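The structure under discussion appears below in the form of structure tokens.
The values are calculated or read from the model by the stated rules, or taken from the named source; none is laboratory data. Bear in mind that the values here come from a model prediction, so they are computed numbers and not experimental data. A quick note on method: Cβ atoms are made from the backbone with ideal geometry, for glycine too, and the neighbour counts reach across all protein chains shown. These area figures cover heavy atoms from the full protein model, side chains too; ligands, DNA and RNA do not enter into them. Shrake-Rupley method; radii C 1.70, N 1.55, O 1.52, S 1.80 Å.
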Amino acid sequence: MFHFQKSITGVMDIDKLWTMYSDVCNWCRWDKNVKSVRLFGDFKVGSHGVMQMKEGLELPFRIEECTEKQSFIVSSALGPINVTFGHSLKRTDKDITITHTITVTGDNEVQTNSIGGNLAAELPDSLESLFAVSV
């Protein structure tokens, strides 16, 4: 199993931030690896969609958990590999902390670590971009 977590804290507009999440067409604005996203249904538990990555790969995903303006989790099955992306928001009096997690599971540890490492390498830039469009 591979697990990685990264957070960023700052003054952000929670409504803009949630719009960047819940309107999946915005995902390409803050995640440079994403070309486009289609969601079949509302942004809620059980809905599924497809992310088209810049390099052409299409990743099916399903929303596993979703609590408005607090968190959501999506998962994507890639054959024997499962990738889970967590997104959470924690408010204080002045700031918001955004935390993104990546968990990759499967029988082949070398493969899960490789996939997870590649995804984790892009996570800090995605968080910085998300922060920039949410202030």
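Applying the criteria of a DSSP loop state and at most 11 other Cβ atoms within 10 Å to the GluC sites (Glu not before Pro) of the stretch 18-65 yields Glu55.
Once both labels are positioned 7 Å from their Cα atoms along Cα-to-Cβ, the gap between Asp42 and Phe4 label points is 3.4 nm. Here the chain exposes an accessible surface that is 50 percent carbon and sulfur, computed with a 1.4 Å probe and the other protein chains kept in place.
Beyond 19 Å in Cα-Cα separation lie the following of the pairs Lys16/Lys69; Lys44/Lys69; Lys32/Lys90; Lys6/Lys44; Lys32/Lys54; Lys16/Lys90: Lys32/Lys90; Lys6/Lys44. Over the chain, accessible surface divided per residue gives 54 Å², non-protein components excluded, 1.4 Å probe. Pairwise Cα distances in the stretch 65-135 exceed 15 Å in 61 percent of cases.
Summarising the amide proton neighbourhood of Val45: residues at separation of 5 or more, or on other chains, whose placed amide H is nearer than 5 Å comprise Cys66. Taking the square roots of five times each eigenvalue of the Cα gyration tensor of the chain, the equivalent ellipsoid has semi-axes of 23, 17, 14 Å, listed largest first. The sum of -39500 (n - 2.57) across all DSSP H runs of n ≥ 4, divided by the residue count of the chain, sets its helix-only mean residue ellipticity at 222 nm to -9000 deg cm²/dmol.
Here the convex hull built on the C-alpha positions of the stretch 24-87 has a volume of 85 cubic angstrom per residue.
3J(HN,Hα) along the stretch 12-22: 9, 8, 4, 5, 4, 4, 5, 5, 4, 7, 6 Hz, from the Karplus curve 6.51 cos²θ - 1.76 cosθ + 1.60 with θ = phi - 60°, whole Hz, x for Gly and Pro.
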